[in-house]
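Beneath this line is the structure, given in structure tokens, with notes to follow.
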Amino acid sequence: MATLTQLSAAVREKYGPVIGLEVHVQLLTATKIFCGCSTAFGAPPNTNVCPVCLGLPGALPVLNRKAAEFAVLAAQALNCQVRETSIFARKNYFYPDLPKGYQISQYDRPLAEHGYIEIAAGSGRKRIGITRLHLEEDAGKSLHEGFLDSATNSYIDLNRSGVPLIEIVSEPDMRSPDEAYEYLTLLKEIILYTGVSDCNMEEGSLRCDANISVRPKGQERFGTKTEIKNVNSFRFIREALEYEIERQIEAIEGGGRIEQETRLYNPAEGKTFGMRSKEQAHDYRYFPEPDLLPLVVDANWQAEIRRMLPELPETRRSRMVAQYGITEYDASVLTANKSLADQFEEAAKAAKNAKRVANLVQSELVGRLKAKGLDIEKSPISMKGVAMSADLLEANAISSKMLKDLYDKAFVAGEDFPAVYEREKPQQITDSTTIEKIIDEVIAANPKQLEQYRAGKTTVIGFFVGQVMKASKGQANPGMVNELLRKKLQ
Ligand SMILES: [Zn+2]
């Protein structure tokens, strides 16, 4: 990442950043928020449109009940208070991909407020407040590249116009780019668990804007903030914030002042650039949307939705730590997404020793996945496969060396563990007479090492174990080899 190198650590230390985040999440409804058009991604341009989402005169919006339900579910998962009566409002601005000339959003009476999530911070947890969560429609998409005449023309695709979004606004509670990163990661995880969005950043289902200011340490009042818009990965947001902190400190130290403005981040250069001066709320001339009734989500409906709320990641992690005797770290890997956690729990419950299943995921699976650059969901070895291997190990039917070989083979072939095991059927020698016979041969062939061992150099046992394993083609049970060798060498 590019930084402004002039800034010394001592100067940097004088300031602290204040960060707040606005996250837009696309809801996973089949149809748009105010009309029956499909929300499917990737349809030919301007095919999922109708008079309502094209903003034609006289067309009237009708709220999608599912969108409201999903928004409430997300609000509950984020510990928000859901307002019984919320109001849609028109946010007026001109943009080519906004045919109505206004966006239907919520303003002074949003759907939900006063929520929070708790991120990991240092060795403890830190509560990040959620100011509000409201429903709104998405705008269309302007296409500035990819056409022969892109140098002179822009194109507009209105398929996205009217797709349901929730906007989640945090309190300015974050004090470092790392905290912002943690917040986004956890927020995404929670939303994914609720199933209201796929949070696919490449397809724009999750977008984030960051507000950031710096102030001298010890000062209560916030500094002037800038907004970084349209950053398309959490890593880039962290980088953009790191850059922006340095830029602001340098400006202040140089006697300048921070302009309240919207900036864009260029990942290739690792820098943010001013785009436009930031609008104030009054610039949008919000007023209640006259074409829509207030949204009423009464206590009954709220309770009904709350029953759909799944066990959320944090709770699930604590429970799994207690239930399976695994570490916090294991639990966090295994709960990275809901489907993985479900698969793990199903496999762990079926296996003889749940902790061993978790350990194998950690010690044998994760490293191989990393080496191949695969997400755990793309693993050739399923959780069921891991559970089967754990049982074989538990029953002493295979050694850990055999297990490693089978895992290697599964990764090379792209096959699950049971298939590889059935084909390879490695046989472990657990018959002590056979093992003793091999040991006798090995000892007889290595009198020098035997002498060393008996003279007190007991570490030579490692050499003997290696020789016996080699002579048995890796099939002797290592535990038995160790035990029997010790006896024989005495
Ligand atoms: Zn439509």
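The values are calculated or read from the model by the stated rules, or taken from the named source; none is laboratory data. Bear in mind the structure is a predicted one, so any value in this text is a computation, not a measurement. With ideal geometry, Cβ positions are generated from the backbone for all residues, glycine too; neighbour counts draw on all protein chains shown.
Conditions first: (1) under 20 Å from the mean Cα position of the chain (by Cα); (2) within 29 Å of V412 (Cβ to Cβ); (3) not in a helix (DSSP H, G or I). L309 passes all but one, so which condition is the exception?
Checking L309 against (1) under 20 Å from the mean Cα position of the chain (by Cα); (2) within 29 Å of V412 (Cβ to Cβ); (3) not in a helix (DSSP H, G or I), the one that fails is (2).
Out of curiosity, is I429 β-branched (V, I, T), buried (at least 17 other Cβ atoms within 10 Å of the Cβ), at pLDDT below 85 and within 49 Å of the chain's Cα centre (by Cα)? Let's see the steps before the verdict.
Values: β-branched (V, I, T): yes; buried (at least 17 other Cβ atoms within 10 Å of the Cβ): yes; at pLDDT below 85: yes; within 49 Å of the chain's Cα centre (by Cα): yes.
For I429, the condition - β-branched (V, I, T), buried (at least 17 other Cβ atoms within 10 Å of the Cβ), at pLDDT below 85 and within 49 Å of the chain's Cα centre (by Cα) - is met.
So that you can scan it fast, the table gives a plain yes or no per residue for (1) outside any helix (DSSP H, G or I); (2) without any contact (Cβ under 8 Å) to a residue 60 or more places away in the chain:
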position	(1), (2)
H282	no, yes
P290	yes, yes
E314	no, no
M320	no, yes
Y329	no, yes
S339	no, yes
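Just checking: which of the strands (runs of 3 or more DSSP E) contained wholly in region 155-236 hold 1 or more residues that are aliphatic (A, V, I, L, M) and more than 16 Å from the ligand (Cβ to nearest atom)?
Output list reads 164-170, 206-216, 226-231.
Out of T131, T85, which single residue is hydroxyl-bearing (S, T, Y) and closer than 20 Å to E182 by Cα? Outline the logic, then answer.
Working: T85 fails: closer than 20 Å to E182 by Cα.
Answer to the check: T131.
When region 133-177 is examined, which residues are found to be more than 23 Å from E69 (Cβ to Cβ), touching a His at 6+ places or on another chain (Cβ under 7 Å) and in contact (Cβ under 8 Å) with a residue 40 or more places away in the chain?
S154
Only residues that are surrounded by 22 or more Cβ atoms within 10 Å (Cβ to Cβ) and within 15 Å of the ligand (Cβ to nearest atom): list them for region 53-75, please.
If the condition is that a residue be surrounded by 22 or more Cβ atoms within 10 Å (Cβ to Cβ) and within 15 Å of the ligand (Cβ to nearest atom), then C53, N64, A67 are the ones that fit.
Among the numbered criteria (1) under 31 Å from the mean Cα position of the chain (by Cα); (2) away from the ligand (no atom under 16 Å from the Cβ), which one does P44 miss?
(2)
Look at region 394-420 and say how many of its residues are at pLDDT 90 or above, touching a helix residue (DSSP H, G or I) at 6+ places or on another chain (Cβ under 6 Å) and not hydrophobic (A, V, I, L, M, F, W, C). Break it down into steps so the answer makes sense when it comes.
Going residue by residue through region 394-420, those that are at pLDDT 90 or above are 403-420.
With touching a helix residue (DSSP H, G or I) at 6+ places or on another chain (Cβ under 6 Å) added as a condition, the list becomes 403, 406-407, 409-411, 416-418, 420.
Right, trim to not hydrophobic (A, V, I, L, M, F, W, C) and you get 407, 409, 416, 418.
Residues flagged as at pLDDT 90 or above, touching a helix residue (DSSP H, G or I) at 6+ places or on another chain (Cβ under 6 Å) and not hydrophobic (A, V, I, L, M, F, W, C) within region 394-420 amount to 4.
Does any residue in region 34-52 that is closer than 21 Å to L63 by Cα and assigned to a loop (DSSP other than H, G, I, E, B) come within less than 8 Å, Cβ to Cβ, of a residue that is among the acidic types (D, E) and more than 7 Å from the ligand (Cβ to nearest atom) six or more places away or on a different chain, and which pairs are these?
The qualifying pairs are F34/E137; F41/E203.
Being away from the ligand (no atom under 16 Å from the Cβ), loosely packed, with under 14 Cβ neighbours inside 10 Å and either within 26 Å of L309 (Cβ to Cβ) or among the polar types (S, T, N, Q) (or both) is true for just one of R132, R127, R83, R109. Which residue is that?
It is R127.
Test P96 against the stated conditions and say whether it is in a loop (DSSP other than H, G, I, E, B), within 16 Å of the ligand (Cβ to nearest atom) and farther than 21 Å from P110 by Cα. Spell out the reasoning first.
Working: in a loop (DSSP other than H, G, I, E, B): yes; within 16 Å of the ligand (Cβ to nearest atom): no; farther than 21 Å from P110 by Cα: yes.
In short, no.
Checking K32 against (1) buried (at least 22 other Cβ atoms within 10 Å of the Cβ); (2) away from the ligand (no atom under 13 Å from the Cβ); (3) basic (K, R): exactly one of these is not met. Which one?
Single failed check for K32: (2).
Would you check if K91 is over 25 Å from the mean Cα position of the chain (by Cα) and either at pLDDT below 95 or within 30 Å of A180 (Cβ to Cβ) (or both)?
So K91 passes the test.
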